[in-house]
1. When you count, for each residue, the other Cβ atoms within 10 Å and take the mean per peptide, how do 320-333, 127-140 rank with the highest first?
2. Could you give the DSSP H helices of the chain that reach 20 angstrom or more along their long axis (alpha carbon positions) and whose average Kyte-Doolittle hydropathy is no lower than -0.5?
3. Along the charge dipole of the range 246-345, Cβ charges K/R +1 and D/E -1, which of F249, A318, S291 sits furthest on the positive end?
4. At 0.36 nm per residue, and after removing the present C-alpha to C-alpha distance, how many nm does the segment from K330 to E129 gain when stretched out fully?
5. Just the isolated ones, please: cysteines in the chain lacking another cysteine beta carbon under 4.7 angstrom.
6. Relative contact order (percent) for the range 147-252, with alpha-carbon contacts under 8 angstrom and 6 or more residues of separation?
7. Of K96/K140; K232/K261; K61/K208; K215/K261; K96/K117; K165/K316, which pairs sit farther than 26 Å apart, going by alpha carbon to alpha carbon?
8. Using a Förster radius of 41 Å, what is the FRET efficiency between A233 and K312 based on their Cβ-Cβ separation? Nearest 0.05, please.
Amino acid sequence: MEKYQIWSRRIALAAFAFALLFQSASADDVVVLSEDNFEKEVGQDRGALVEFYAPWCGHCKKLAPEYEKLGSSFKKAKSVLIGKVDCDEHKSLCSKYGVSGYPTIQWFPKGSLEAKKYEGPRTAESLVEFVNTEGGTNVKIATVPSNVVVLTPENFNEVVLDEAKDVLVEFYAPWCGHCKSLAPTYEKVATAFKLEEDVVIANLDADKYRDLAEKYDVSGFPTLKFFPKGNKAGEDYGGGRDLDDFVAFINEKSGASRDGKGQLTSQAGIVESLDVLVKEFVAASDEEKKSVFTRLEEEVVKLKGSASRYGKIYLKAAKNYREKGSDYAKNEIQRLQRILDKSISPAKADELTLKKNILSTYAA
C-alpha cells in the first residue's frame, strides 16, 4: 500500500498570481492560462493543446510529468502552444469550455476557440503524436537531463554516506502513482540545488533494490529520508511535498540560500559575526578603520568551509571601501546588478550575487 501525506501549503500564491499579469509562461515549459490571458494566447496565430486540471486530482498528478515532457518538447515550436488551466482557480473558464472532469485535454486549432477533445492515452509519446498530427509539426520528444542522482547498491554508500554531503533520498517504486506525481517536483528540487557542491538530491528504485529499502525501514512509497553530514543513519523527512517546502528544508539543514528557481537569495553569503564588525567598520573614523579591519581579518581566519570563502569577499570589500571611499559599495552594487540583469551563466550569477549581498552590508 502506498503511503502519502498531503500538505496544502500555497506559499507565495499571491506573488505568483501577480506575475501572471505580466507573463504567461511558467517556470516550466507549459504556459499557465487564466481568464486574463486565455484568449490572448489561445485561438490566435498558433494551435494550442490545453489541459484543464485540478490540483487535488490524482489522475492530473499522474499526468503532470508526461505533460511537462510534452511542454519541453514543444518549447521551440512557434506554431504550437502547450498550456494548462487550474480549474479550482478558474472555474468559470473551465465551465465555458465544457469541462466536467479532470484532467480534460482539448485541442484548439490556429485561429479558433472551438475545441476538439483529446481522447488518447495520457503519455508524452501519444500526446506528441496527436499534436504533430493536429498542428502539422514534426516534433520529437525532448530528452531532458536529470539533476537527480540515481542510486544503486554500487554507489549508495559512496554518495549517501559521504560525510561531506547533505543528501536527500527518495525511495520509490516505478509503479507507484504518488511517486510519479512527486517526480516533477523532485526534479525541480534537484535543479534548484545543482550548484551546491555539498547538497545531493537522489533517488533509489526501492522495488528493484529491496535489500537497501529494508535496511532503511522503507515500507511504503515514496519514502523520503535525509542523510545530513552529521547523521548518516538517516532521518525521516516529514515536511510538505511542494517545491517551496523542500527548498526551505534543504536551506535550513544545509545552510544554503536558494529559492525554487535555484537562484541565491539575498541572505546568501551573509556571515552574522562579520556583519557586526562591518557595521563598526563603516561607522569608524579613518584612523579607527585600520583597527577594525585587523579584527575582521582575525575573525575571517576562524571561518571554515563556504563561510571562509565568503569571509574573503568581506575583506576585499573592506579594503576597497578604505581605498575608494564610502560610495564604493553603492556604486559597485549598481554595477553588479547591471551585469546580473543580462543573460549570464548560473555559476557567474552566483558569484556576483554573493558579492552584491556582502557589499550591501557596507552600504546599509
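1. Descending mean neighbour count gives 127-140, 320-333.
2. Qualifying helices, which must be both long enough and hydrophobic enough, are 177-192, 346-363.
3. Of F249, A318, S291, it is F249.
4. Residue separation times 0.36 nm, minus the Cα-Cα distance, leaves 66.9 nm.
5. none
6. RCO, the range 147-252: 37 percent.
7. Beyond 26 Å: K96/K140; K232/K261; K215/K261; K165/K316.
8. Result of the calculation: an efficiency of 0.70.
The values are calculated or read from the model by the stated rules, or taken from the named source; none is laboratory data. Predicted model only: the values in this text are computed from it and were never measured. Cβ coordinates were reconstructed from backbone atoms using ideal geometry, including for glycine residues, and neighbour counts include every protein chain displayed. Surface areas here come from the heavy atoms of the whole protein model, side chains and all, with no ligands, DNA or RNA. Shrake-Rupley method; radii C 1.70, N 1.55, O 1.52, S 1.80 Å.
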